[in-house]
Structures are given as C-alpha cells and as structure tokens.
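The values are calculated or read from the model by the stated rules, or taken from the named source; none is laboratory data. Note that this is a predicted model, so its numbers are computed, not measured. Cβ coordinates were reconstructed from backbone atoms using ideal geometry, including for glycine residues, and neighbour counts include every protein chain displayed. Keep in mind that these areas ignore ligands, DNA and RNA; they rest on the heavy atoms of the full protein, side chains included. Shrake-Rupley method; radii C 1.70, N 1.55, O 1.52, S 1.80 Å.
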Amino acid sequence: MPTYRELLAQTKAEIDEIGTPEAHERLGTADAPLFLDIREVDEWQEGHIAGALHIPRGNLESRVEGLVPDKSREIFIYCAAGSRSAFAAKALGELGYTDVASVAGGFSDWKRNGYTFTTPKTLSPAQRSRYSRHLLIPEVGDEGQQKLLGARVLLIGAGGLGSPASLYLAAAGVGTLGIVDADVVDDSNLQRQIVHSTERLGEPKVLSAKRTIEALNPDVTVIPYEERLTSDNVERIVGAGWDVIVDGADNFPTRYLVNDASVWHDVPVVHGSIYRFEGQVTVFEPGAGPCYRCLFPSPPPPELAPSCAEGGVLGVLPGIVGSLQASEALKLILGVGETLTGRLLLFDALHTTFDEVSVKRDPTCPVCGEHPTITEYVDYVEFCNLAGRGVAS
Ligand SMILES: [Zn+2]
C-alpha cells in the first residue's frame, strides 16, 4: 500500500499541472479556461478567483457533469495548495474530461503572488435563519438573497398598494426601500392600508411606514420622501439609483411623471391600480415592453373625467394587487421567471377571475417611441376618478 505522499506523487505524475503565474495570465482572456474551485464552502467564502465555478470536492463527481457538460472544455482546477486538486484532476480525467490541469500551489500561492480575488458577502447566522425559506428555493438561494439585500426599490405611495408591497418586500429582505408619499394617516385609510395603524393617525405616512417596516425587519433601510412627486423633484427622487419602482400612485399626474422618469432612467416599473372590485397589474420594462404612455399617451381632457367623488375600493383588493406587485418586483430583482412585461393582468374580486390582455410597445409613443415628442417632465393638472385606470389608493 502506498503512503499518502507516495499516492500524491504518483497522482501528480499522471495529471497536468500549471503554475499560478501561467494560470493567472489566462484569467479574463478570450479563451480563458474554466477555473474550478473544489475547496469547502467556508474556504470559498473567505475568497476565491473571480468567475470560478465552485463544486466542493465531496460533490465533484456527482455534480460536475450537470454543471460542465462539455468534457473537452479546458479546466483549471484549484484547491488551497494543489494536493486535493491533483486528485480531483485525476477523477475528472476518469470521468472523460480531456483538458484538465491542476493549479500547483493552489489558492494560497495565488494570494501569495498578489493576484486579485473576490470575497463574497455572507449571510449572518441570524439572516440564514430569517431567510431560511428563501434559501431552500434554488431560484433564490444564498446568491438570490444577497441580491435582495443589495437591492433598492422605490415605492410610489404608502397607501393601499404600497402597504402590502412594502411589507412583503421588507419581509423578503429587500435592503433599501424608498417611499414617496406626502399624506398623513387618516382614519379612512385603515380599512386597507395595513402598514399604518390607529395609533399613527395624523402621522406622515412615510414615517409610519418606516416604523412598521423597520420593526418587521432591521435589515431594511427605509428612505422616506415626505413630498408629492412633481416635475421639480422627480429627477432627484427617481434618479437616486433604483432597481425597480413599484407604482401605487393614486393620481394621473404622478403616474405620468413616474413613467417618463422610469423610461429616461431605464428602471422597470411594476404598475398596479385598483377600483371597487377590480385590479390591474403589469410591468413596464423600458426597452422590453410598452410604457404607460404606449397605452395612454396623455391624460383624458378634464371635461371627460368623471366626478370628483372618492373612488371606493374593497378593503382586501389592494392587498391582492399590491402583493402581486411585490412578487413581480422580487422576480425582477432575482432575474427569475416570467414577469408581466407586455401583459396586463386583470383581477375581478367580485367574480374571482383573473384575465390577461397582451399590451404592446407603441413605436409612435411620445416618450419611448422612435421619435419622442415629450422630452421634459410635464405637470398635469390633477383631476378625478377614472374607472379602470386606477385611482383609489
Ligand atoms: Zn411608451
């Protein structure tokens, strides 16, 4: 029986090895090989070569064919010092991989030579526990949860739609939530605006929402904008670097400002609207589908607007529509699934039906079309309710 040293020497004689300077030279080139890191999870998390694929040694044989189906692909395999990777290179050869080299000296030598590497952020034990049901879903997992924690979502309105949307986004661990709302909590809000409460009556909605959200999840930072969106402040607020906008506005002037800003800043908008028993949700993703103005180029003239009586709404309806908006926002951040881009989802609570109509980008759209005619923010005069185009918040 050979000793470990003899076995290692024998294995190294049977495989190809490459030094870290040669391996480093190939990193990031047009014909760069696949860097395969076979160390344990804790070693990987302390730092690894950028772009490397991680398969711990214990799972190598079982996982590699699924992750690297092309057996002729050039692979540089590394561990901490070059011993485990030598055995792993031999194992890959036995599986039929034809162009495998073990990086002599491994990651220790790589670091000693001063070559750059990345250190992934890791979830704390408390976060692992809080987001455990996300970590169990392959489409989210560790990486997806990090994306959520690093994401920034702007909510237009802390009302009926903004309440459930902000609560679920916060619970999911979306790290930064901006909330725009100029109103204070009124007792007529509490039938549906569940982010507020009776003890917050008279308090600015953005501050009430901030308190509720930060009590729910201390990982979340809330940026309150206690102001009404206008052509004067929209650039400052929407331009502050958001991944997604969740639009729960209750008026047309805001809808148009949000739309135009989102097109110009290339930020997807998850649009929601509610009226009595009916709700609508869609995603306006600049470049990938229509914008709000593709569907409604400009507001209807004030004389055609209906009466100014407040629009009624079934209390639970914004809970359903706002939750759908949160779901779309999470998918946009994670880059998974199929969003409502190009599809308008219609919900009828009275008959419990979901319908969907396809909506298309308009090449003559005044904002996102081929020859835009609107290139500056427009302040429309506010007028009242219009069924189906979403008002009650
Ligand atoms: Zn458009």
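Tabulated results
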{"item": "Those residues of the range 62-75 which are touching a strand residue (DSSP E or B) at 6+ places or on another chain (Cβ under 8 Å), surrounded by fewer than 19 Cβ atoms within 10 Å (Cβ to Cβ) and not in a loop (DSSP other than H, G, I, E, B), in sequence order", "result": "L67"}
{"item": "Pairs where the first residue, in the range 283-294, is free of Cβ contacts under 8 Å to residues at least 12 places away in the same chain and the second is more than 9 Å from the ligand (Cβ to nearest atom) and open to solvent by 10 Å² or more (accessible area, probe 1.4 Å), C-beta under 8 Å, 6+ apart", "result": "none"}
{"item": "The lone exception for E6 - which of (1) modelled with pLDDT of 95 or more; (2) part of a helix (DSSP H, G or I) it fails", "result": "(1)"}
{"item": "Residue check for R57: surrounded by 13 or more Cβ atoms within 10 Å (Cβ to Cβ) and free of Cβ contacts under 8 Å to residues at least 40 places away in the same chain", "result": "yes"}
{"item": "Counted residues, the range 76-99 - those being part of a loop (DSSP other than H, G, I, E, B) and not charged (D, E, K, R)", "result": "9"}
{"item": "Selected residue (criterion: surrounded by the fewest Cβ atoms within 10 Å (Cβ to Cβ)) from residues of the range 81-98 that are within 38 Å of the chain's Cα centre (by Cα) and in contact (Cβ under 8 Å) with a residue 60 or more places away in the chain", "result": "G82"}
{"item": "Considering residues of the range 302-322 that are at pLDDT below 90 and assigned to a loop (DSSP other than H, G, I, E, B) only, the residue surrounded by the most Cβ atoms within 10 Å (Cβ to Cβ)", "result": "G311"}
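Every residue, every condition in (1) among the hydrophobic types (A, V, I, L, M, F, W, C); (2) within 16 Å of the ligand (Cβ to nearest atom); (3) more than 20 Å from the chain's Cα centre (by Cα); (4) assigned to a strand (DSSP E or B), yes or no:
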residue: L229; (1), (2), (3), (4): yes, no, yes, no
residue: I245; (1), (2), (3), (4): yes, yes, no, yes
residue: A261; (1), (2), (3), (4): yes, yes, no, no
residue: H271; (1), (2), (3), (4): no, yes, no, yes
residue: P286; (1), (2), (3), (4): no, yes, no, no
residue: P300; (1), (2), (3), (4): no, no, yes, no
